[in-house]
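Participant: Have a look at this one.
Nothing in this text is a laboratory measurement; each read-out follows from the coordinates by a stated rule. The model shown is predicted, which means the values in this text are computed figures rather than measured ones. Because the Cβ atoms are built from the backbone with ideal geometry, glycine has one as well, and the counts that use them run over all protein chains shown.
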């Protein structure tokens with residue numbers, strides 16, 4: 001196993017390298033729409049796979065763009081990636097797409113990076129700190145499927161909700177202080193959450209399921225029903241409002 005690069009540096013280099021690949025694919029202007037998104041996914045996935053085969057051949061692997069052979073379940077170290085989180089946003093020229101790279105060790109994303117190439121930044125668990133200061137009084141939610149529970153929590157707390165594309169982009173906007181929390185219900189997969197949760201945890205933000213239980217990764221079933229990432233100061237209020245919604249509605253959807 002090649003160990004010239006630490007896990008942290010490898011995580012960061014992969015996220016940055018994928019960003020360069022995807023910027024090149026898009027700025028060439030030779031592909032548009034679905035063809036652009038498909039090409040970006042395929043090229044980024046192939047490059048990530050080859051890098052990990054060379055540098056961490058014994059580790060497990062889970063990606064939205066690769067077949068899951070379940071051998072990862074026997075491994076303590078698993079790379080969970082999404083080469084393009086927000087393929088629609090990427091292929092239509094929007095900026096709110098991201099690259100997710102996480103090394104999960106015993107169910108926890110210990111090393112993570114969320115790249116946002118259009119903003120020229122990669123958020124790294126190795127070097128990140130959440131913005132503090134005045135609250136924005138805003139929650140970020142899915143632009144396409146804003147969950148009812150988020151609207152309920154926002155109303156209870158006197159907040160507004162704003163829709164953004166990629167899950168990674170939403171989480172990083174909380175880290176930047178643009179929003180006080182990211183509330184999601186309706187389901188995501190491990191590759192949607194592992195890297196954003198890893199970076200957000202390292203920055204000191206609260207990350208959990210809406211019932212307050214911890215999020216674990218490298219499960220046989222990769223579906224995760226819900227998520228909250230928020231400033232720790234409002235964690236208890238957010239979770240209490242979510243519990244009130246769930247009791248009245250039989251769940252979070």
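Participant: By what distance, in whole Å, do the Cα atoms of the range 138-249 stretch along each of the three principal axes, largest value first?
Facilitator: 35, 31, 27
Participant: Turning to a different aspect of this structure: Given the convex hull of the Cα atoms of the chain, what is a quarter of its surface area in nm²?
Facilitator: It is 12.9 nm².
Participant: So how tilted is helix 7-27 from the main axis of the chain? Cα-based, degrees 0 to 90, rounded to 10.
Facilitator: 80
Participant: Under a plain spin-label model, where a point goes 7 Å from the Cα along Cα-to-Cβ, how far apart in nm are residue 54 and residue 92?
Facilitator: For residue 54 paired with residue 92, the spin-label model returns 3.6 nm.
Participant: With angles folded into 0 to 90 degrees, how steeply does helix 190-202 sit against the dominant principal axis of the chain? Use alpha carbons for both and round to 10.
Facilitator: Tilt relative to the chain: about 70 degrees.
Participant: What list do you get for 111, 173 if you sort them by fewest beta carbons within 10 Å?
Facilitator: The most exposed by this proxy come first: 173, 111.
Participant: I would also like to ask the following. Go ahead and set up a Gaussian network model of the chain, Cα springs under 10 Å, then flag whichever of 188, 54, 45 fluctuates most.
Facilitator: 54
Participant: With axes computed from alpha carbons, what is the tilt in degrees of helix 148-157 against the longest principal axis of the chain, rounded to the nearest 10 within 0 to 90?
Facilitator: Between helix and principal axis, roughly 50 degrees.
Participant: Would you mind calculating the relative contact order of the chain from Cα pairs under 8 angstrom and at least 6 residues apart, reporting the percent as a whole number?
Facilitator: Details: 534 pairs, mean separation 44.7, N = 253.
Relative contact order comes out at 18 percent.
Participant: Hey, any idea what Rg/Rh is for the range 22-81, computing Rh the Kirkwood way over Cα pairs?
Facilitator: Reported Rg/Rh (Cα atoms, Kirkwood Rh): 1.08.
Participant: Can you give the convex hull volume of the alpha carbon atoms of the range 117-161 per residue, in Å³? Please list the in-between numbers first.
Facilitator: Numbers: hull volume 5.6 nm³, N = 45.
Convex hull of Cα atoms, per residue: 126 Å³.
Participant: Could you check the spin-label model distance between residue 43 and residue 31? Points 7 Å from the Cα along Cα→Cβ, value in nm.
Facilitator: Each label point is offset 7 Å from its Cα along the Cβ direction, giving 0.7 nm.
Participant: How much length, in nm to one decimal, is gained on full extension between residue 75 and residue 23, taken as 0.36 nm per residue of separation minus their Cα-Cα distance? All intermediate terms of the calculation are to be shown ahead of the outcome.
Facilitator: Details: separation 52, 0.36 × 52 = 18.72 nm, distance 3.31 nm.
That works out to 15.4 nm of additional length.
Participant: May I pose another question? What does the extension gain come out to for residue 13 and residue 126, with contour length at 0.36 nm per residue minus their alpha carbon separation? Each step should come with its number before you reach the end.
Facilitator: On the way: separation 113, 0.36 × 113 = 40.68 nm, distance 1.20 nm.
Here the segment from residue 13 to residue 126 would lengthen by 39.5 nm.
Participant: Still on this model: Quick check: residue separation of residue 156 and residue 68 times 0.36 nm, minus the Cα distance between them. What number comes out in nm? Provide the component values of the computation, followed by the final result.
Facilitator: Details: separation 88, 0.36 × 88 = 31.68 nm, distance 4.09 nm.
Full extension of this stretch gives 27.6 nm more.
Participant: Which whole number of Å³ per residue matches the convex hull of the alpha-carbon atoms in the range 7-124? Don't skip to the answer; put the middle values down first.
Facilitator: Values: hull volume 10.8 nm³, N = 118.
Spelled out: Cα convex hull of the range 7-124, divided by residues, is 91 Å³.
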